[in-house]
Amino acid sequence: MNKEELVKEVSKKSKSSQKAVASILSATLETIEKTVSKGKKVTLVGFGTFESRKRAARTGRNPQTGATLKIAAKKVPAFSAGKKFKELVK
């Protein structure tokens, strides 16, 4: 399901216009992105938690040449599913 399909589905279920739902969804995702980029967590109880995690520096290997290279440490976005969400997926 892509963003457009999600907007249509939420629009049907909430009986709201697609334009309103698209605007709210975009604002929600933008807020999550800004918050996580500042190093803070966003927790939606029952759904999951969005956060940034540190990835340590490590040594990698070029698959074409076999040469070793250093991969720098960096922060990456992460999502942990909540208990309710995990139970639904089982």
| So Glu30 fits all but one of (1) open to solvent by 70 Å² or more (accessible area, probe 1.4 Å); (2) farther than 19 Å from Leu6 by Cβ; (3) among the acidic types (Asp, Glu); what number is the exception? | (2)
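What is the residue count in segment 7-29 for residues that are part of a helix (DSSP H, G or I), farther than 27 Å from Lys75 by Cβ and not β-branched (Val, Ile, Thr)? Break it down into steps so the answer makes sense when it comes.
The first filter runs over segment 7-29 and keeps only residues part of a helix (DSSP H, G or I), leaving 7-14, 18-29.
If we keep only those that are farther than 27 Å from Lys75 by Cβ too, we end up with 7-14, 18-24.
From the residues that got through so far, the ones that are not β-branched (Val, Ile, Thr) too are 8-9, 11-14, 18-20, 22-23.
The total comes to 11.
Does Ile32 satisfy being on the phi < 0 side of the Ramachandran plot, modelled with pLDDT of 95 or more, in contact with a strand residue (DSSP E or B) (Cβ under 8 Å, 6 or more places away or on another chain) and assigned to a helix (DSSP H, G or I)? Walk me through how you get there before you give the answer.
Working: on the phi < 0 side of the Ramachandran plot: yes; modelled with pLDDT of 95 or more: yes; in contact with a strand residue (DSSP E or B) (Cβ under 8 Å, 6 or more places away or on another chain): yes; assigned to a helix (DSSP H, G or I): yes.
Against the criterion (on the phi < 0 side of the Ramachandran plot, modelled with pLDDT of 95 or more, in contact with a strand residue (DSSP E or B) (Cβ under 8 Å, 6 or more places away or on another chain) and assigned to a helix (DSSP H, G or I)), Ile32 qualifies.
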| remark: Matching residues in segment 40-90 (small (Gly, Ala, Ser), loosely packed, with under 11 Cβ neighbours inside 10 Å and in a strand (DSSP E or B)) number 1
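Residue under question is Ala22, and the condition is that it be of a type in the set (Gly, Ala, Ser), open to solvent by 70 Å² or more (accessible area, probe 1.4 Å) and free of Cβ contacts under 8 Å to residues at least 60 places away in the same chain; does it hold?
Details: of a type in the set (Gly, Ala, Ser): yes; open to solvent by 70 Å² or more (accessible area, probe 1.4 Å): no; free of Cβ contacts under 8 Å to residues at least 60 places away in the same chain: yes.
No, not satisfied.
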| message | Quick test for you: out of Gly48, Gly66, pick the one residue that is on the phi > 0 side of the Ramachandran plot and modelled with pLDDT of 95 or more. | response | Gly48
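The values are calculated or read from the model by the stated rules, or taken from the named source; none is laboratory data. These figures come from a predicted structure and were not determined experimentally. When we count neighbours, we look across all protein chains shown, and the Cβ atoms used for this are built from the backbone with ideal geometry, even at glycine. Ligands, DNA and RNA are stripped out before the accessible areas are found, and what is left, the full protein with its side chains, is counted by its heavy atoms. Shrake-Rupley method; radii C 1.70, N 1.55, O 1.52, S 1.80 Å.
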